[in-house]
Amino acid sequence: MDGTAIDRFDISRFEAGRTRLASLAYRLLGSATDAEDAVQDAFLRWQAADRQRIEVPEAWLTKVVTNLCLDRLRSAQARRERAVGAWLPEPLLDGDPMLGPADTFEQRESVSLAVLTLMERLSPLERAVYLLREAFSYRHSEIAEILGITESASQQHLHRARRRIAAGRRGGGEAAPASARRIVEEFLAAASSGRTERLVALLTDDATAVSDANGAGPAETLVRYGTPQRIAAMARAGFRPTPAKRRLVGGTPSVHYAVVNGAPAILFTLGDQVIGAVTFDLADGRIATVRGIGTPARLRRLTEAWRRHRPDPPLIARW
């Protein structure tokens, strides 16, 4: 096999694992853009390496991507950007390959916006161990090799990570798709018509809401609402269409139901552009968390997926 053929073969080996690597990087970083950058950096290292000496390419690449992501999480810039409580993950539309494996509850939960947010409470090593074990089923011996730690340390990191995730998890398990859609449609109808009592009834007693304020102001600025009554007031104001809002977005959006990171969501679209997303975490048949995401950079990949998607008829054709 000549050099060109070897290069083509090695590139094809990398491409065969690209989706899995991107899924791991996304779970670690919570950002599709940063995940793509990490995978591309891994590709450059793969090209520069003596590939004939790499016995198990999958293990080598997993180690490289994981450690590139850990370097990013440990950087001073990342610590500023991701101050606890002042950061939202990048949402992904159902079916996006970057969401990765979804065969088990643990795999599906690990890519939910709720758990991606909770993982901000973990150290970078705890996060890596938790994801490698829970989402990708690596053994502790393999995790120890990837991260350069002992098996005992890997087990301890996993124990702490599970405890911290469990402490922040909202109960209720997975909602049936039809039930989740019904609850979100009721929320939209109540918010659009200003029915405060119905909105409050749809929320858990300890419901919370957070919004990135459509990217207005500093990127790290989030607006938070902490009681059902305040969330209801926010929803009434936010979901009521006005001429001023239409001028601000440059037209008359439509409103669609979608599944984002495994959870029910409402998307505001203008043409083939997603201009806003509202995602919901459910607990025992009610809404526990509402997230409003409007920063264009955070909606880039979701918009790209939406353009390839065949949506159901809109819930509101002209908002």
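Just a few scattered comments:
- The chain: most fluctuating residue of LEU270, LEU21, LEU131 per GNM, C-alpha cutoff 10 Å: LEU270
- Solvent-accessible area per residue for region 92-176 (1.4 angstrom probe, square angstrom): 45
- Our coupling estimate for region 97-110, obtained by passing each phi through the Karplus curve with A = 6.51, B = -1.76, C = 1.60 and θ = phi - 60°, is x, 5, 5, x, x, 9, 7, 10, 4, 4, 5, 5, 5, 5 Hz, Gly and Pro reported as x.
- Three principal axis lengths of region 118-184 [C-alpha, angstrom, descending]: 48, 20, 14
- Answer label for Cα Rg over 2.2 N^0.38 Å (calculated), chosen among (i) 3.59; (ii) 1.28; (iii) 1.07: (iii)
- FRET efficiency for the ALA201 to ASP94 pair, using the beta carbon distance and R₀ = 35 Å, is estimated at 0.80.
- Residue-averaged [θ]222 nm for the chain, counting only DSSP H segments that reach four residues, each worth -39500 (n - 2.57): -16500 deg cm²/dmol
- Relative contact order (%) - the chain, alpha-carbon pairs under 8 angstrom, separation at least six: 17
- Euclidean distance of C-alpha centroids, region 274-319 and region 97-156, integer Å: 26
- Kyte-Doolittle at least -1.0, axis length at least 30 Å by Cα - qualifying DSSP helices, the chain: 3-29
- Put a dot 7 Å past the Cα of GLU186, heading toward its Cβ, do the same for ARG163, and the two dots end up 3.8 nm apart.
- Taking every alpha-carbon pair in region 137-249 and binning the separations at 10 Å intervals from zero gives 11, 25, 26, 18, 14, 5, 0 percent.
- Under a Gaussian network description of the chain, with springs only between Cα atoms under 10 Å, the residue in VAL115, VAL249, VAL290 that fluctuates furthest is VAL249.
- Distant-in-sequence amide contacts of TYR138, defined by a placed amide H-H separation under 5 Å and a gap of 5 or more residues or a different chain, comprise ARG133.
- Solvent-accessible surface of region 207-319, averaged per residue with a 1.4 angstrom probe and all protein chains in place: 47 square angstrom.
- Counting every alpha-carbon pair across region 207-304, the share separated by more than 18 Å comes to 48%.
- Apolar share of the accessible surface for the chain: 52 percent from carbon plus sulfur atoms, 1.4 Å probe.
The values are calculated or read from the model by the stated rules, or taken from the named source; none is laboratory data. Everything quoted here is computed from the prediction, not taken from an experiment. Please note: Cβ atoms are built from the backbone with ideal geometry, for glycine as well, and neighbour counts cover all protein chains shown. Side chains are part of the model used for accessible areas, which takes the heavy atoms of the whole protein and leaves out ligands, DNA and RNA. Shrake-Rupley method; radii C 1.70, N 1.55, O 1.52, S 1.80 Å.
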